[in-house]
Every structure is written in C-alpha cells, then in structure tokens.
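Derivation of every value follows stated rules applied to the coordinates shown; laboratory data play no part. Values in this document were obtained by computation on a predicted structure and should not be read as measured data. All Cβ positions, glycine included, derive from the backbone under ideal geometry; neighbour counts span all protein chains shown.
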Amino acid sequence: MEPQRRLLIGLDVDGTLIRMDETISPAVHEQVERLQRLGHEVTLATGRSWETAAPILERLGLTPEFVVCANGALTMQRDAAEPSGYRREWVETFDPTEVLRTIRGHLPRGSYMVEDAMGFRRYTEGMDNWELSNAEQVDFDQLAGFPATRVVVVAPELGNDEFLEIVRSMGLNEVSYSIGWTAWLDIAPMGVNKGTALERVRDELRMPGSDVLVAGDGRNDLEMFEWAVAGGGRAVAMGQAPDELKAIASEVTATVDEDGLAQVLRQI
C-alpha cells in the first residue's frame, strides 16, 4: 500500500535505532517495519562502515534503495547482482597523510583506524572495542599512502572535555570531522557528511525536502539536522543527545532507552 505522502526517513544507528548494548527495542523494530510496509523510504545514515551497517539492515528487515555509511563518505545502492544486495555507488575519499601527522602530534598515545574505498581497515594497537573484520593491524606509518573514506581516532585515557579541547585546537581545516560521546574522533573528506549524502539520495529519489525526517543523537548528526531543517523537513534529537544537537533539532524525543524513536515513528 502506497502512503499518501512518501517520506525519506534517515536514521542514525547507535543511540537512535539501537541501544548501547546493541539490542533493538521491539517497539522500534515494529515501527520501522510498519513504515517500510507503508512505502516510506526508511534507511540508515550512520558513521558505521558498510560491513557493520549491513547486519542492522538485516535485523530490521530493511531494503532501502540507498544506505548512507561512513558519515556520508560512502553511499550504497541496492543491486541484486551483488552478493550483499548492494553496491558501492558513491565513494568520497581523501589523502589522510597530513591529517594523521597533525593528529599524532597532538595525540601521540591515540589509537588509529583508516578505512579505504573498498571498506578495508588498517588500525593500530588499542582499537579493541571496534569491529575489526576485513582489517589488519599495522604500525602507524603504514596507515597513510592510499585514499581513505574515513579516519577514526580514539584516546580512552582522556576525559571527553579534555579531548574536545585538544581536537578543537588542531585546526583540522582540510577535512570534515565529528566528535563522539567519548574520546573518539571521526574524520571524513572535506565537505562530506550525512547531510550531503542524504541530499544526493533525496535528489535521486526525487522527493521534496519537506518530506524528509531524520533522527540522531550525536555530533556527527549536526550537518544532517541542518540540512533537513533547511529543506523544511523534520530533525529529531534523541533525549540523550548533546545540547548543540538539540539546539538545531526541530524536536526532541525521549532517550533511546525510553524508546524515543518509536514514539516519533508511531505518529507517522
């Protein structure tokens, strides 16, 4: 059954669709399935790699035309000829050499991971809490020298406020970056973010900006929210989101543990 007004619904994964223990609330699962059955384009807009985003699609039974990964640096398109059902349609890369040198000078004890255009990841010691399939551990000097879609830096020995201050002092002007809940930095090509990727998706699907709804809970959702609101759409911040995200959201819902996303989706 086609809805009277088909929406593009772009959902962040961690802290929005799924809880911190990697579980999905039955209420969220039910609402996502319902909206897809109604014909809405329900997709992911995540900082995750495709390899870690794909299982979330499968768990939810989602089959959108496009999926935004790596904070907008990678957009997958559905393709039945591919083993995964999707192909890498748009890939944005940059040379990570200079940014790695800059960050290493400020965070010599940090741990690093670089993902290339095909999703292969090279990482240094200390990335123990990350999903590391299709990856290899290398020395820091082996991280550069090939085009990257993203660079991830973690410094667990630092408090979040201290980490924020260090990152803001680096002067990372040639790339886009976002800072996670903990001492975690995610770097993408300049001008690339979830919002730029979703704009391309929206254009391909020929849907008006007013028929967009996005939801998220992190600083890597800031540009996505600005994009949605500027186009006349809705941007929903989760209850546990930082104040700067709530400030630009069109609305704030309950936390992920309180099924905040399900409360919003139930209204559609």
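Relative to the longest principal Cα axis of the chain, at what angle does helix 26-37 sit, 0 to 90 degrees, rounded to 10?
Roughly 70 degrees between the two axes.
Skipping prolines and chain starts, which residues have an amide H placed within reach, meaning under 5 Å, of the one on R48, given they are 5 or more residues away or on another chain?
Amide H to amide H, under 5 Å and 5 or more residues apart or across chains, R48 pairs with A70, N71.
Could you run the Debye sum over the Cα atoms of the range 152-268, one equal point scatterer each and no solvent, and tell me log10 of I(q)/I(0) at q = 0.11, 0.22, 0.24 Å⁻¹, two decimals?
Debye output, listed in q order: -0.41, -1.24, -1.32.
For the range 223-232, take each phi angle, set θ = phi - 60°, evaluate the Karplus expression 6.51 cos²θ - 1.76 cosθ + 1.60, and give the result in whole Hz per residue in order, putting x for glycine and proline.
In residue order, the calculated couplings are 5, 4, 5, 4, 4, 4, 5, 4, x, x Hz.
Based on C-alpha coordinates, I'd like the Rg and Dmax of the range 97-189, in Å.
When restricted to Cα atoms, the range 97-189 yields Rg and Dmax of 12.3, 34 Å.
So if R0 is 25 Å, what FRET efficiency would R200 and S84 give, r being the distance between their Cβ atoms, rounded to the nearest 0.05? Kindly include the intermediate steps, with their values, before the conclusion.
Values: r = 20 Å, r/R0 = 0.81.
Step by step, r from the Cβ atoms, then E = 0.75.
With a 10 Å radius around each residue's Cβ, average the other Cβ atoms per peptide and rank 208-220, 75-87, 111-123, highest first. Spell out each step's value before the answer.
Values: 208-220: 22.0, 75-87: 14.5, 111-123: 19.8.
Sorting 208-220, 75-87, 111-123 by mean packing, highest first, produces 208-220, 111-123, 75-87.
Evaluate the distance, in nm, between pseudo-label points positioned 7 Å from the Cα of D243 and of F120 along their respective Cα→Cβ axes.
Inter-label distance under the simple model: 4.6 nm.
Per-residue HN-Hα couplings for the range 103-112, Karplus 6.51 cos²θ - 1.76 cosθ + 1.60 at θ = phi - 60°, whole Hz, x for Gly and Pro?
Listing the rounded values in order: 5, 4, x, 9, 10, x, 9, x, 10, 10 Hz.
In whole angstrom, and with the biggest value first, how far do the Cα coordinates of the chain range along each principal axis?
Projected onto its principal axes, the Cα set of the chain covers 54, 43, 32 Å.
Run the quick spin-label model on N134 and R266: label points 7 Å from Cα toward the beta carbon, then report their separation in nm to one decimal.
Reported label-point gap for N134 and R266 is 3.7 nm.
Mind checking the full-extension length gain between E258 and M170? Use 0.36 nm per residue of separation minus the Cα-Cα distance, one decimal, nm.
Details: separation 88, 0.36 × 88 = 31.68 nm, distance 3.68 nm.
Length gained between E258 and M170: 28.0 nm.
Using a 10 Å cut-off on Cβ atoms, rank the peptides 33-40, 148-155, 131-138 from the highest mean neighbour count down.
Details: 33-40: 16.1, 148-155: 25.1, 131-138: 13.4.
Order by mean packing, descending: 148-155, 33-40, 131-138.
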